[in-house]
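The values are calculated or read from the model by the stated rules, or taken from the named source; none is laboratory data. Here the structure is a predicted model, which means the values were calculated and not measured. Every residue, glycine as well, gets a Cβ built from its backbone with ideal geometry; the counts of neighbours run over all protein chains shown.
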Amino acid sequence: MSLLKPILHIIRIICLLAVFHLTLGYLTVAQSTAPAKPEGSLLKLMTYNLKFASPTFQPSWAERRDMQIDLIHKYAPDIIGTQEGLKEQIDYLADHLPEYVVIGEGRKGGDDDEHMAIFFRRDKFRLREMQSFQLSETPEIIGSGPEVNPRMVTWVRLAFINRPNEGEKSPNAQDYRGHWENNREFYVFNTHFFNGPDASLAKLNASKLILKRINALNRFGEWRAERPLFLLGDFNCRPGTPPYRILVGDKNSTDTELLKNTFEDLNKIDWILYKGAVKVLKYEEVTYNVNGVYPSDHKPIYVEVEIPGK
């Protein structure tokens, strides 16, 4: 009997330890299988004035085009807003960058004149909507505005392609009603402003028109939160000028309809502006060249941003 009590006591301790380890293991499994909070989505954007295929510009387009392909491969942006590209140039880039979908037309319609083309990765986004409008008194009439060098805007509404990780369920049920909160979308606008000594008023009115169009799109029904939006382009003016202040305001502005600059460099005329829930992670003026030769008379602007998870 003197040995029985200690033995029973040891057995009780062993049983309690076993129960403790089983409970701890269950909690660990439960925590690991609990749905994780959705992470933010990384976006890599680039705005790039390609320099049109001018017969007098050196180096020629034939010499520059593969440099541009190499530059894009090195940075692998998700979205590229291009300016000045003629049909020959846009088609060449599209043919050598099959990982991208390309949309946009010439400033005078179809293939005619310079394009405000947008490239986006076909494996990451689905096109929901695309449109364009002229920077003129009749925005819906393609080619309207000045007879020489009319200007325009191309824009898209894109959705992230949803690919759940292996073993995870899709956030959308078979019945999509009531699941708009998982509808991850954003807008991209791409433009090229007027240039020249008499273009001040035209640039000012272009900014007003773009801001009006942007803010007309900021809700998708009463149940939908504001989508993030990006405005890319060659604006032919610098931060602080009147056209810039129309879009961005100044340091004292509190208007929620204004955009923000990913990085304000007072010497830059190429910008990437944004609106909505966006966190800027990186900004870079791309100085890519081959032995001192640049593929365009503009250096691309490249940014990485995060759209927070819902």
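So in segment 70-110, with the set limited to residues that are within 23 Å of GLY143 (Cα to Cα) and either in contact with a Gly (Cβ under 7 Å, 6 or more places away or on another chain) or basic (Lys, Arg) (or both), which one is surrounded by the most Cβ atoms within 10 Å (Cβ to Cβ)?
GLY81
Restricting to segment 173-194, count the residues that are surrounded by 15 or more Cβ atoms within 10 Å (Cβ to Cβ) and either more than 18 Å from LEU211 (Cβ to Cβ) or at pLDDT below 75 (or both). Can you show your working first?
Step one: of segment 173-194, the residues surrounded by 15 or more Cβ atoms within 10 Å (Cβ to Cβ) are 183-194.
Of the ones still in play, those that are also either more than 18 Å from LEU211 (Cβ to Cβ) or at pLDDT below 75 (or both) are 183-185.
Counting residues in segment 173-194 that are surrounded by 15 or more Cβ atoms within 10 Å (Cβ to Cβ) and either more than 18 Å from LEU211 (Cβ to Cβ) or at pLDDT below 75 (or both) gives 3.
Within the set of pairs 6+ apart or on separate chains, which have a first residue in segment 77-95 that is on the phi > 0 side of the Ramachandran plot and without any contact (Cβ under 8 Å) to a residue 60 or more places away in the chain, a second that is surrounded by fewer than 23 Cβ atoms within 10 Å (Cβ to Cβ) and part of a strand (DSSP E or B), and C-beta atoms under 6 Å apart?
Going by the 6 Å Cβ cut-off, there are no qualifying pairs.
Got a number for residues in segment 242-256 being under 13 Å from TYR274 (Cα atoms) and either exposed (fewer than 12 other Cβ atoms within 10 Å of the Cβ) or in contact with a Pro (Cβ under 9 Å, 6 or more places away or on another chain) (or both)?
Result for segment 242-256: 2.
Do the conditions hold for ASN236, that is, is it assigned to a loop (DSSP other than H, G, I, E, B) and on the phi > 0 side of the Ramachandran plot?
Here the answer is yes, as ASN236 does meet what is asked.
Listed residues GLU306, GLU264; which is over 28 Å from SER136 (Cβ atoms), touching a residue at least 60 places away in the same chain (Cβ under 8 Å) and not basic (Lys, Arg)? Give the derivation first.
Numbers: GLU264 fails: touching a residue at least 60 places away in the same chain (Cβ under 8 Å).
Every option except GLU306 fails the conditions.
Taking the residues in segment 196-224 that are in a loop (DSSP other than H, G, I, E, B) and either at pLDDT 95 or above or in contact with a Lys or Arg (Cβ under 8 Å, 6 or more places away or on another chain) (or both) as candidates, determine which candidate is surrounded by the fewest Cβ atoms within 10 Å (Cβ to Cβ). Full working, then the answer.
Of the residues in segment 196-224, the ones in a loop (DSSP other than H, G, I, E, B) are 196-199, 216-224.
Of the ones still in play, those that are also either at pLDDT 95 or above or in contact with a Lys or Arg (Cβ under 8 Å, 6 or more places away or on another chain) (or both) are 199, 217-218, 220.
Working: ALA199: 18, LEU217: 16, ASN218: 16, PHE220: 14.
By that ranking, first place goes to PHE220.
When you check LEU281 against the structure, is it at pLDDT 95 or above and surrounded by fewer than 17 Cβ atoms within 10 Å (Cβ to Cβ), yes or no? Even if it seems obvious, please write down each step before you answer.
Details: at pLDDT 95 or above: yes; surrounded by fewer than 17 Cβ atoms within 10 Å (Cβ to Cβ): yes.
Yes; evaluated as a whole, the condition is true for this residue.
For segment 63-78, does any single residue satisfy the condition of being closer than 28 Å to SER144 by Cα and aliphatic (A, V, I, L, M)? I'd like the intermediate steps shown before the answer.
The first filter runs over segment 63-78 and keeps only residues closer than 28 Å to SER144 by Cα, leaving none.
The answer is no, given that none of the residues of segment 63-78 is closer than 28 Å to SER144 by Cα and aliphatic (A, V, I, L, M).
Within segment 78-102, track down each residue that is β-branched (Val, Ile, Thr) and under 20 Å from ALA53 (Cβ atoms).
ILE80, THR82, ILE90, VAL102
For ASP113, only one of the following conditions fails: (1) among the acidic types (Asp, Glu); (2) within 20 Å of ASP234 (Cα to Cα); (3) surrounded by fewer than 16 Cβ atoms within 10 Å (Cβ to Cβ). What is its number?
Unmet condition: (3).
Write out, first by first residue and then by second, each pair whose Cβ atoms fall under 9 Å of each other, whose residues are 6+ apart or on separate chains, and whose first residue, in segment 276-301, is over 22 Å from LEU43 (Cβ atoms) while the second is loosely packed, with under 14 Cβ neighbours inside 10 Å and of a type in the set (Val, Ile, Thr).
As it stands, the answer is TYR294/THR287, since those pairs meet every condition given.
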